[in-house]
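To keep things clear, I will list the structure first and then write my remarks on it.
The values are calculated or read from the model by the stated rules, or taken from the named source; none is laboratory data. Everything quoted here is computed from the prediction, not taken from an experiment. Here Cβ is always computed from backbone atoms with ideal geometry, including for glycine, and neighbour counts include all displayed protein chains. These area figures cover heavy atoms from the full protein model, side chains too; ligands, DNA and RNA do not enter into them. Shrake-Rupley method; radii C 1.70, N 1.55, O 1.52, S 1.80 Å.
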Amino acid sequence: MIDVPAVMLLDGTSMPRLGLGTWPMDDAQATRAVSEALGMGYRLIDTAAAYGNEAGVGEGIAAAGVPREEIFVTTKLRGAQQGYAEALAAGEESRKRLGVDVIDLYLIHWPLPQVGRYLDSWRAMIELRERGVVRSIGVSNFTPPQIEHLVAETGVRPVVNQIELHPDFSQPELRSWHAEQGIVTEAWSPLGRTRNLGRPEIEEIAAAHGRSPAQIALRWHVQLDDVPIPKSANPERMRENLDVFDFELSEEEMARLDGLDRGARQGGDPDRHEEF
Ligand code: A2P
């Protein structure tokens with residue numbers, strides 16, 4: 001069993017430093033993957049209403065037999081339910097589908113500036129926290145001006161911004177802005193959907209440590225102080241991805257990996273992407 005260290009959040013809670021991503025699993029795949037992951041030591045599970053697998057994730061949690069308080073479940077508000085009343089209802093619905101007492105971390109999935117409701121949604125997230133439906137609140141795919149807008153209007157800062165982040169797209173400016181603000185950076189597609197992994201620098205460092213390219217990428221994330229959530233539905237790769245807490249990359253290796261950034265975003269642009 002691998003013991004995953006924790007990172008502190010602004011609101012005094014903490015979250016595991018690495019977790020399991022569940023997109024694009026369906027309910028049945030999510031149930032199997034989540035219960036297997038919890039059995040090997042994963043304690044952070046990431047899903048979203050838009051993935052359509054919250055019920056499956058919940059069944060996996062129930063099946064694993066791990067005490068609920070050891071598990072940190074994240075889900076996200078889908079675009080179609082942005083708005084104050086809509087988001088209040090959405091939070092309750094997600095909690096019900098997951099079958100949990102409280103959602104550990106609830107994120108606004110995409111800002112959708114063209115819809116113009118993320119501030120109303122944020123006010124609902126604050127209310128959901130006050131009602132005890134969710135414990136911590138944050139955002140995903142937000143830019144600094146969008147986060148500043150939330151803070152200016154409500155005085156409440158997101159504890160996490162979950163963003164696309166991998167060696168080809170390492171977002172150094174956004175990460176250092178998060179660090180200044182005390183916001184934890186969570187990384188989706190931390191392996192760049194594997195497109196990064198064949199780069200010779202990663203393969204060389206992997207060979208030097210007797211580790212896989214995925215483990216090198218994930219260890220780089222951990223040493224950058226972000227929280228990666230690699231998706232795998234394969235037990236061997238799930239285990240491999242978790243097993244990154246017993247070796248260290250040197251400063252020189254970290255610098256080489258930092259140097260791989262080529263601004264190669266694979267997913268949506270936060271200012272334009274539409275997700276409902
Ligand atoms: P699979 O589910 O078959 O393991 P990301 O999290 O960056 O979006 O990457 C997810 C993709 O990477 C999935 O296709 C997943 O496939 C694959 N993957 C996950 N872990 C590993 C690994 N350790 N080595 C190679 N591929 C991996």
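Sorting 195, 68 by solvent-accessible area of protein heavy atoms yields 195, 68, largest first, with a 1.4 Å probe. Between 0 and 90 degrees, the angle of helix 84-98 with respect to the longest Cα principal axis of the chain falls at about 60 degrees.
Accessible-area rank, largest first, for 231, 96, 76: 96, 231, 76, with all protein chains present and a 1.4 angstrom probe.
Given a 1.4 angstrom probe, what's the average accessible area per residue across the chain, in square angstrom?
Numbers: 11180 Å² over 276 residues.
Accessible area per residue: 41 Å².
Element breakdown for the range 128-276 at a 1.4 angstrom probe: carbon and sulfur atoms account for 44% of the accessible area. For a quick check, take a GNM of the chain with Cα springs below 10 Å and name the residue from 120, 258, 246 with the largest mean-square fluctuation. Sorting by GNM fluctuation, first place goes to 246. Only helices enter the 222 nm calculation for the chain: every DSSP H run of n ≥ 4 contributes -39,500 (n - 2.57), and dividing by all residues gives -12500 deg cm²/dmol, rounded to 500. Taking the protein heavy atoms of the range 1-74 in the context of the full set of protein chains, the accessible area attributed to carbon and sulfur is 53 percent at 1.4 Å.
The angle between the Cα long axis of helix 172-181 and the main principal axis of the chain comes to about 50°, on a 0 to 90 degree scale. Within the set of other residues whose C-beta is less than 15 Å from the C-beta of residue 246, count the net charge using Lys and Arg as +1 and Asp and Glu as -1. Net local charge, residue 246 excluded: 0. If you take the alpha carbon atoms of the range 1-111 and fit the smallest convex hull around them, that volume is 101 Å³ per residue. With +1 on each Lys and Arg Cβ and -1 on each Asp and Glu Cβ, how big is the dipole of the range 11-139 about its Cα centre, in debye rounded to the nearest 20? Using Cβ point charges on Lys, Arg, Asp and Glu, the range 11-139 gives about 180 debye. Charge dipole (Cα centre; +1 on Lys/Arg Cβ, -1 on Asp/Glu Cβ; no other charges) of the range 213-276 amounts to roughly 300 debye. Centre-to-centre separation between the Cα atoms of the range 42-117 and those of the range 189-204: 29 Å.
A compact globular protein would have a Cα radius of gyration near 2.2 N^0.38 Å; the ratio found for the chain is 0.95. Each Lys or Arg adds one and each Asp or Glu takes one away; over the other residues whose Cβ falls under 12 Å from the Cβ of residue 185, this sums to -4.
Peptides 157-165, 12-20, 124-132 ranked from most to least packed give 157-165, 12-20, 124-132, packing being the mean of other C-beta atoms within 10 angstrom over each peptide's residues.
Dipole magnitude for the range 159-276: about 420 debye, using +1 per Lys or Arg Cβ and -1 per Asp or Glu Cβ, origin at the Cα centre.
Answer rounded, prolate or oblate for the range 1-61, using the Cα gyration tensor with square roots of eigenvalues a ≥ b ≥ c: rounded when a/c is under 1.5, else prolate when a/b is larger than b/c, else oblate. Mind showing how you got there, number by number?
On the way: a/c = 2.75, a/b = 1.49, b/c = 1.85.
Oblate.
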